[in-house]
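Colleague: Can you keep this structure in mind? I'll have questions shortly.
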Amino acid sequence: MDLKRKLILFVRIIRVVVYLYILVQLLVARQDFEQSRLIPVVAGMGVFYVIIDQIVFRVPEKRFRLACLSLLPFEMFLISLLVYYTRSAPIAEFDFLYALPVVNMAMWFGIREGLAFGLLGSSLYLLTAGLSGRISGLESLGMIFSRCGFYMLSALVTGYMSEFAERESREKAQRMVELTALSGFATLFDSTLSEEKVYQNLCEAISRSINPDVVLVFRLDAEGDRLSVVAWEGVSSGEAAIVLPRDYGLVGKVLDGREPMMVRDTDLEWGYRQFLETHRIRSALYAPLKWRDDVYGVVFAGNHLKDSFTENDLNLMSALSVQAAVAVHNSRLYADLQNRIGELHAIFEIDKAITSAIDLESVLQQIVQMSLVLLDAKTSSIMLLDEEKQELVIAAAHGLSDEYLNKGAIKVGESVAGRVIQEGRPIAVRDIRSDPLHAYPEHARREGLCSLLSVPLSLKDRVIGVLNLYTGEPRSFTPHEINLFTSLASQAAIAIENARLFESLEEIYIEVITALANAIDARDAYTHGHSNRVMEYSVALAEAMGLSPEEVDVVRHASILHDVGKIGIREKILKKPGLLNEEERREMEYHPFIGTRILQSVRLLEPVMPLVYHHHERYDGTGYPDGLKGEEIPLGSRIIAVADAFESMTSDRPYRKALPLEEALAELRRGAGRQFDPRVVEVFLKLVEEGKISVRWSDGRVIPISEHLGKAGLS
């Protein structure tokens with residue numbers, strides 16, 4: 001219960017006690033009244049009032065004022081009757097009773113209403129005193145004026161106490177409202193991790209708590225140079241499109257001073273005059289969005305009336321701004337955490353992507369693509385160092401024109417990239433269009449490039465190139481971004497070196513394959529050069545059938561190694577001049593399996609193994625080792641089968657002489673659909689007609705088959 005209600009309760013108790021006392025007095029002294037018949041009437045009216053008063057005391061507060069106001073004149077009338085009819089009774093005078101309704105009125109409605117009722121009480125007292133003949137002489141006049149003064153003093157004292165109690169209650173209620181609002185808005189701020197949503201919630205919170213006409217939230221940009229409105233209430237989105245220098249007017253003053261400010265009359269303010277006049281803002285509040293040592297912006301609240309805000313409004317808005325600043329701080333921490341997680345994931349994906357690629361060109365393209373994604377830039381390029389010439393040459397790029405790519409090599413020590421190589425450290429340039437360090441400002445303008453971050457591609461104690469990142473707008477790269485890009489460059493350097501090593505390894509690998517195939521062929525004079533010729537036919541077929549370069553390479557390697565399993569076959573079987581018996585044939589048919597076992601120990605040969613294993617399958621399903629049929633047989637195996645058969649038919653064997661070319665081609669036609677894939681045979685015959693398939697004679701001459709057939713008159 002607040003102080004005013006306690007005072008009202010106290011006054012009501014006093015009134016009830018006084019009226020009960022008067023009732024007792026009247027009943028005790030009733031035989032002394034000359035008008036004894038009126039005593040019960042007066043006493044009954046007093047008891048009736050006490051009962052009514054108790055009932056009114058229990059009605060809801062929202063109706064109490066009206067009830068009180070309607071009964072007070074009735075109370076005055078009762079008092080006047082008591083004063084008049086007890087004028088000759090030997091009991092205490094009841095003139096003081098006029099103070100009771102005066103006190104009650106002042107307690108409920110304040111000093112002004114209490115004084116008005118005091119005048120009414122004084123007037124009624126003078127009237128009853130005059131009617132009862134009690135005004136006689138100066139002594140009586142002095143007593144009357146003292147009584148009237150008592151009534152007025154009672155109104156003043158009680159009214160002051162009432163207003164003081166009401167002010168205390170109002171301030172306490174205001175504090176409760178503020179605490180409730182702060183608690184509710186704190187929950188609202190804590191419920192979101194979106195910075196934009198925090199600003200919008202702040203606008204709504206200020207609008208609901210202090211009821212301004214306009215609310216604006218200014219956010220300081222990342223560079224700390226400008227303030228822009230990011231949330232608003234009471235204006236349109238077009239009117240809220242405001243961007244200010246950070247030192248502009250009171251907004252800038254509050255931002256730098258980091259203290260809230262109240263402007264009672266904006267006519268005296270020098271901050272953003274156009275906006276204030278357009279929206280008829282006459283009073284304003286400013287509060288910084290600050291938390292600890294960080295300041296994120298300024299909150300503005302305006303009203304159309306002068307001096308319409310209170311200190312409580314300023315304190316409440318300042319408290320809300322602090323809560324919002326904490327929420328902004330948390331949202332930025334969360335966003336930064338999410339960015340770090342995203343960056344780590346991106347780094348992982350980049351590492352996985354560039355380390356899984358083995359082709360240098362593919363690795364370089366993936367690096368430039370990942371660079372753009374990682375730092376949200378416009379263009380990226382990789383420049384590799386030619387150690388002999390000490391020059392940097394663009395090896396891969398995204399988003400650059402041919403003119404820029406062909407602008408020429410950069411010497412070590414020249415331009416930004418050359419300095420990066422020379423100094424072995426990252427260099428960031430905010431605007432390469434005007435920076436003297438950049439060697440091609442005109443190219444940059446034409447390409448729409450502005451900021452540049454260039455980092456070295458380092459491997460231990462040497463630099464193999466630079467990784468460049470370009471933006472279309474001015475950008476100050478943060479230390480975190482530079483470190484992140486440097487980490488990417490380190491991974492990229494390893495991937496580039498791995499790709500280079502793989503290219504070298506691939507060359508060695510091809511040489512080893514060729515040597516192994518030649519060693520196999522060298523075991524038998526009849527098969528010398530067989531694998532190379534099968535490879536030539538197979539590669540020509542694979543390219544003619546539209547296989548990708550990667551697939552052609554697999555066919556090339558498989559065709560060289562298709563008979564590698566013959567290493568495990570007894571030499572007497574390989575060189576037997578006659579037909580093989582059943583047991584020998586089964587052993588010979590085992591060579592694809594042996595070949596696969598040999599190849600499976602080398603990871604790089606995994607794509608080759610199925611082609612080697614199935615190159616003796618027949619199109620009709622009667623081949624070996626698995627009896628595959630038609631499209632079940634790998635295409636590379638079907639290609640090698642045609643090439644192997646043709647080369648075998650046109651070469652001498654221990655058990656027969658080489659077939660004439662025309663007969664070998666006829667045999668391919670007859671085997672199409674049974675032993676061979678008809679489509680592969682068709683392509684092979686077309687290559688023969690076009691002169692793209694050649695035959696190597698024993699004297700070393702290489703002649704296109706079509707030319708040989710033409711000379712024989714058989715084409």
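Each value in this text was obtained by applying a stated rule to the coordinates, not by laboratory testing. Everything numeric here is computed off the predicted structure, so don't read it as measured data.
Colleague: Gain in length, residue 18 to residue 292, computed as 0.36 nm per residue apart minus the alpha-carbon separation, to one decimal in nm?
Modeller: 92.4 nm
Colleague: Just the C-alpha atoms of region 519-615: what Rg/Rh do they give, with Rh taken as the Kirkwood radius?
Modeller: Ratio of gyration radius to Kirkwood radius for region 519-615: 1.00.
Colleague: Percent of alpha carbon pairs in region 357-494 separated by more than 20 Å?
Modeller: In whole percent, the share of Cα-Cα pairs in region 357-494 beyond 20 Å is 38.
Colleague: I've got another one for you. Could you sort out which of 566/629; 572/686; 197/290; 172/253; 352/629 sit more than 29 Å apart by Cα distance in this structure?
Modeller: With Cα atoms farther than 29 Å apart: 572/686; 172/253; 352/629.
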